[in-house]
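The values are calculated or read from the model by the stated rules, or taken from the named source; none is laboratory data. No experiment lies behind these values; they were computed from the predicted model shown. Here the Cβ is made from the backbone with ideal geometry for all residues, glycine too, and neighbour counts use every protein chain on show. The protein model used for the area step is the full one, side chains on, heavy atoms only, and it has no ligands, DNA or RNA in it. Shrake-Rupley method; radii C 1.70, N 1.55, O 1.52, S 1.80 Å.
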Amino acid sequence: MTKTISILGSTGSIGRQTLDVVDQLGVRVAALTCGSNLERMTEQCRKYRPQLAVMSTKELADRLQTALQDPEIRVMWGKDGLLEAAAMPEADTVITAVVGMMGLEPTLAAVRAGKRIGLANKETLVCAGELVMSEADLYGAEIIPVDSEHSAIFQCLMGCGDRGEVKRLILTASGGAFYGKTMEELRTAKKDEALKHPNWKMGQKITIDCATMLNKGLEFIEAMRLYRMPPEKISVVVHRQSIVHSLVEFKDGAVLAQLGVPDMRIPIQLALTYPNRVESPADGLDLLTCGPLTFAAPDLETFPCLKLAMDAAHTGGTACAVLNGANEEAVAAYLRDEIGFYDISDSIACAMSQVPVVQNPSLEQILEADRLARQAAKQYFLKR
Ligand code: NAD
Ligand code: MG
């Protein structure tokens, strides 16, 4: 059970919900880090008095220090600060709740410090899953998924000693804001509509990823890495209600599922209390009032991002980092209203066709693939 925690990305959606759980469990906070939300960070630091607080830039760090006037809170900035927060000796658990590939190096730092990692930052496992998992074995770091689907699978696999007994992992997908829309309608779809997720309130990047269904593609790759499963043994089913969080099918035909209301505090809390379970502030699930649970096949033609991710999963190596890097650039451009909905999938496809794939990549090769993918995506935006 977690006693002291560092939260990377404490001001975001997962970060704030982690602090709710921290309040409930009475966990101590060693470090808080954020990008640029100075106001919320100041409030959090006053309340939790961490030993270390990290902002993304020196200017913001100076302003935080001035606002806090607290000699017991050390303030740092940038990557050095994140790496320090990830490996602090005082913390036994690190929650990785920053968004994007920038979470990779801090996650590796936490792994190398042998921490328990509550892993929310999925981009890290997508880009460097094999590396992160093998280092976790080497350093005895425990990786507990926070992503609701992977937490569900983690729970369904509890007590399964032999992974050879698993026939298939089944990831459920809400379908995002655009489920049921036609390609014609989506060609001109803008971010305001894409940001209306039916079931979850999350950061902007992941909400756009849900609208394109790339989020499920990233989760497909994340599941491969976390559970060391080949892509043939993973499937995706659309489940609009987000009540069944994912399932595992076993050799003998038994299928286990984990259900619950869509509330991220449930998987976050389990990452802190595992192997125990304690009371949670989340609502219970009432099967009599939650409405019918439905399941459907995903539409890979209207949502090509999911197909691209499955292709990258089959190719392996740096293909997944290329997919992710191009997508991060594309989502940022889409959020700035610079590109259209299908430019996201087209720019990813363009990067995947241009950047050469390296199998069993080193960290440097992964970072290079990410750089080339971002460059290819930006060139695509200029030429479109
Ligand atoms: P968010 O945008 O709400 O929060 C991101 C956090 O990262 C913020 O604290 C922000 O300040 C910080 N950050 C951003 N840029 C930074 C920088 N340059 N340096 C340091 N910190 C920086 O995102 P979120 O929705 O909380 O998602 C976080 C991660 O968790 C993502 O990888 C996402 O895919 C994953 N995830 C989120 C949910 C969810 O319900 N929100 C569910 C599953 C997985
Ligand atoms: Mg998820």
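Looking only at residues of region 1-26 that are more than 17 Å from the chain's Cα centre (by Cα) and in a helix (DSSP H, G or I), we find that the one that is nearest to Met76 (Cα to Cα) is Leu19. Taken over region 83-108, the criterion of being under 17 Å from the mean Cα position of the chain (by Cα), open to solvent by less than 40 Å² (accessible area, probe 1.4 Å) and not hydroxyl-bearing (Ser, Thr, Tyr) is satisfied by Ala86, Val94, Ile95, Ala97, Val98, Gly100, Met101, Gly103, Leu104, Pro106, Leu108.
Yes or no, residue by residue, for (1) surrounded by fewer than 23 Cβ atoms within 10 Å (Cβ to Cβ); (2) outside any loop (DSSP other than H, G, I, E, B); (3) assigned by TED's automatic domain parsing to the domain that holds Val94; (4) without any contact (Cβ under 8 Å) to a residue 12 or more places away in the chain:
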residue: Gly217; (1), (2), (3), (4): no, yes, no, no
residue: Met229; (1), (2), (3), (4): yes, no, no, no
residue: Ser235; (1), (2), (3), (4): yes, yes, no, no
residue: Val248; (1), (2), (3), (4): no, yes, no, no
residue: Leu256; (1), (2), (3), (4): yes, yes, no, no
residue: Val261; (1), (2), (3), (4): yes, no, no, no
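Scanning region 114-129 for residues that are among the small types (Gly, Ala, Ser), open to solvent by 10 Å² or more (accessible area, probe 1.4 Å) and away from ligand 2 (no atom under 15 Å from the Cβ) yields a single hit, Gly114.
Each row is one residue, and each column tells you yes or no for (1) within 11 Å of ligand 1 (Cβ to nearest atom); (2) within 18 Å of Ala332 (Cα to Cα).
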residue: Ile170; (1), (2): no, no
residue: Ser174; (1), (2): no, no
residue: Phe178; (1), (2): no, no
residue: Lys181; (1), (2): no, no
residue: Ile208; (1), (2): yes, yes
residue: Met213; (1), (2): no, yes
residue: Lys216; (1), (2): no, no
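Annotation for region 271-286: at least one member residue is open to solvent by 30 Å² or more (accessible area, probe 1.4 Å), assigned to a loop (DSSP other than H, G, I, E, B), in contact (Cβ under 8 Å) with a residue 40 or more places away in the chain and among the hydroxyl-bearing types (Ser, Thr, Tyr). None of Val111, Val132, Val54 is open to solvent by less than 10 Å² (accessible area, probe 1.4 Å), within 12 Å of ligand 1 (Cβ to nearest atom) and under 24 Å from the mean Cα position of the chain (by Cα) except Val54.
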